[in-house]
Amino acid sequence: MKFLFSEEFSQKALKLYNSFVNLLVIVTVPIIILTLIIAVGIILYDLRLFASHFAEGGLTEGHEKAFKLLIKNILNFFVLIELFRVFLDVIEYKRIRKRQMLEAGIVFVVREIVIAMFEHRFSYKDLIGYAVLLISLGVTYVLMERSWIELMRFTRKKDEGEKQAH
């Protein structure tokens, strides 16, 4: 049992964990890049579809469907980019940064609002739910930013005080 709490075991476990994370990165990054390339291809295809409907003239039902599909896929692309940023932060810092997760959450909620707006499927309950969720994510984000700025000010004052003491 003492072995589990030893420094040697901790070092081996940490080395194994880092090797596992590095393997996951090697496998996952190409998949994410391929996903982003495919998403851009889908957006370009939808743009071509929208342009062909638009070139036919008049606002048809196909034109409206193509436009909604284009908007939905562009918003999906933004969500993918935010999630990719979160993943890159996990790789770089070996931890999940709350600020990045909040940004991804905000982008996702805004995506859902825009899609619901284009599909005309809003009820007052949906609107209240989205509003509460977006406000809570926004307030949390602002409070985190404010505390980060305060921490930086405190750190600078502390560093300046130490320099003046020497």
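The values are calculated or read from the model by the stated rules, or taken from the named source; none is laboratory data. Not measured: the values here are computed from a predicted model. Virtual Cβ from ideal backbone geometry, glycine too; neighbours counted across all protein chains shown.
The single residue among A116, A55, A104 that is in contact with a Phe, Trp or Tyr (Cβ under 6 Å, 6 or more places away or on another chain) and either closer than 22 Å to A39 by Cα or assigned to a helix (DSSP H, G or I) (or both) turns out to be A116.
In segment 135-151 there is at least one residue matching the filter, namely being among the aliphatic types (A, V, I, L, M), in a helix (DSSP H, G or I) and buried (at least 16 other Cβ atoms within 10 Å of the Cβ). Just one of the numbered conditions (1) at pLDDT 85 or above; (2) of a type outside the set (K, R); (3) within 18 Å of L83 (Cβ to Cβ) is not true of Q100: (1).
Going through R99, R111 one at a time, which residue ends up being in contact (Cβ under 8 Å) with a residue 12 or more places away in the chain, among the basic types (K, R) and crowded, with 16+ Cβ neighbours inside 10 Å? I'd like the intermediate steps shown before the answer.
Working: R99 fails: crowded, with 16+ Cβ neighbours inside 10 Å.
Selected residue: R111, the only one of R99, R111 that is in contact (Cβ under 8 Å) with a residue 12 or more places away in the chain, among the basic types (K, R) and crowded, with 16+ Cβ neighbours inside 10 Å.
Output the residues belonging to segment 68-96 that are touching a residue at least 40 places away in the same chain (Cβ under 8 Å) and within 22 Å of L49 (Cβ to Cβ).
The answer is K68, I71, K72, L75, F77, L80.
Of all the residues in segment 18-31, those that are surrounded by 11 or more Cβ atoms within 10 Å (Cβ to Cβ) and at pLDDT 85 or above number 0.
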